[in-house]
Amino acid sequence: MFRIGDVQIAAPVFLAPMSGVTDAPARTEADRFGAPAVVTEMVAGSELAREKVDFVRRAAPHNGSGPFIIQLAGREPEWMRIGAELSEAAGADIIDINMGCPAKKVTGGQSGCALMREPGLARQLIAATVAGTKRPVTVKMRLGWDDGSLNAPEIARIAEGEGAQMVTVHGRTRMQFYDGHANWSRIAAVVEGIDLPVIANGDIVDAASAQTAMTESGATGVMVGRGATGRPWRLAEISHALFGTPYSAPTAEQKLESLLAQIRASVALYDEKLGVRVVRKHVAAFVDAWCEDYGLPMIPETRVALCKLDSAEALLDGVQAALGNWKAAA
């Protein structure tokens, strides 16, 4: 059993916060298959305070068995404090601070990974978040802004000093975005520099890459992002391989029912028109994963056809027809 503050987690294997991906329906399915911990999409503390509908949806709980972790973003200490208060009031078990997002719309506002260029402000933001909640606070970052400023160890020490209880490091700089390959060995400097648990992130797609990432970095655990899209069971699979947590490989029938449940939940959360549009990326990833996992030929025209359907009924019927016909091959 792994602990962050007073929160117990089956194992240090996390589903990464991904904008437009890890909404409540997606987190529910990962939890259903046994993911130890999942994290919400990035939520701006100021927008959460203003109760803007899209930001409130991002922080919607998934009502699973694991901890409810909300990730906050921003660059104003007072809004981060308020965001932490609101997150705790919403039932968050853990609050994570985003200092790793490389997206231009985030860094352009001097948030996300841009904060790694301002250690003084990073300190204020972490302190304000910790002051705003009794729940454990964690920080997610990258190696640094670029190869000339690999200051993750410095930011991690600041986080530890201000009361954060875990650090996650993506093994790339901001300027790399997602190019090349994550350098897990560079995370070792963070592991060696603080006494907090450190989680390795970046290019972890299965049990083998997770084990390599932990070996090269010395990290306590892993965070999986794109490797789990289309495969919500992947987190539990990795956790079982690394830490021996319970896991039963899902059948093709269970996988198909999971996707159908996610489509229904997406429609329920957003309404039909938006819900169908939002879930399309998950349908596309699932179809590709299904074909890859079962050795079936990729059929992009089927994926494209499914993603053009604009009603919940049509999408549910289309998925069942397409994947149901392939189920026998699985």
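Figures for the structure shown
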{"quantity": "Order of Ser266, Ser258 - criterion: other Cβ atoms within 10 Å of each residue's Cβ, fewest first", "calculated": "Ser258, Ser266"}
{"quantity": "Residues Phe14, Phe2, Phe33, Phe177 arranged by fewest to most Cβ contacts within 10 Å", "calculated": "Phe177, Phe2, Phe33, Phe14"}
{"quantity": "Formal net charge of residues neighbouring Asp206 (Cβ-Cβ distance under 14 Å; K, R +1; D, E -1)", "calculated": "-1"}
{"quantity": "Degrees between helix 152-161 axis and first principal axis of the chain (Cα, 0 to 90, nearest 10)", "calculated": "70"}
{"quantity": "Normalised alpha carbon radius of gyration of region 1-142 [divisor 2.2 N^0.38 Å]", "calculated": "0.97"}
{"quantity": "Fewest-first ranking of Glu292, Glu154, using other Cβ atoms within 10 Å as the exposure measure", "calculated": "Glu292, Glu154"}
{"quantity": "Fluctuation leader among Gly180, Gly225, Gly202 - the chain, Gaussian network, Cα springs under 10 angstrom", "calculated": "Gly180"}
{"quantity": "Folded to 0 to 90 degrees: helix 77-89 orientation relative to the chain principal axis, Cα", "calculated": "50"}
{"quantity": "Of all DSSP beta bridges in the chain, antiparallel share, percent nearest 5", "calculated": "10"}
{"quantity": "Cα gyration tensor shape for region 196-248, rounded if a/c is under 1.5, else prolate or oblate", "calculated": "oblate"}
{"quantity": "Gaussian network model of the chain, springs between alpha carbon atoms under 10 Å - residue of Asp288, Asp206, Asp179 with greatest fluctuation", "calculated": "Asp179"}
{"quantity": "Distance between region 155-179 and region 270-314 - C-alpha centres, whole angstrom", "calculated": "34"}
{"quantity": "Overall form of region 2-243 per C-alpha gyration tensor (a/c, 1.5; a/b vs b/c)", "calculated": "rounded"}
{"quantity": "Cα gyration tensor shape of region 252-329, rounded if a/c is under 1.5, else prolate or oblate by comparing a/b with b/c", "calculated": "prolate"}
{"quantity": "Rounded tilt (10° steps) of 252-270 against the dominant C-alpha axis of the chain", "calculated": "70"}
{"quantity": "Lysine pairs meeting the criterion (Cα under 17 Å, 8 or more apart or interchain), as found in region 252-329", "calculated": "5"}
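Computed from the coordinates by the stated procedures, all read-outs in this text should not be read as laboratory data. Every value quoted in this text rests on a predicted model; they were computed, and no experiment measured them. So basically every Cβ, Gly included, is an ideal-geometry build from the backbone, and we count neighbours across all protein chains shown.
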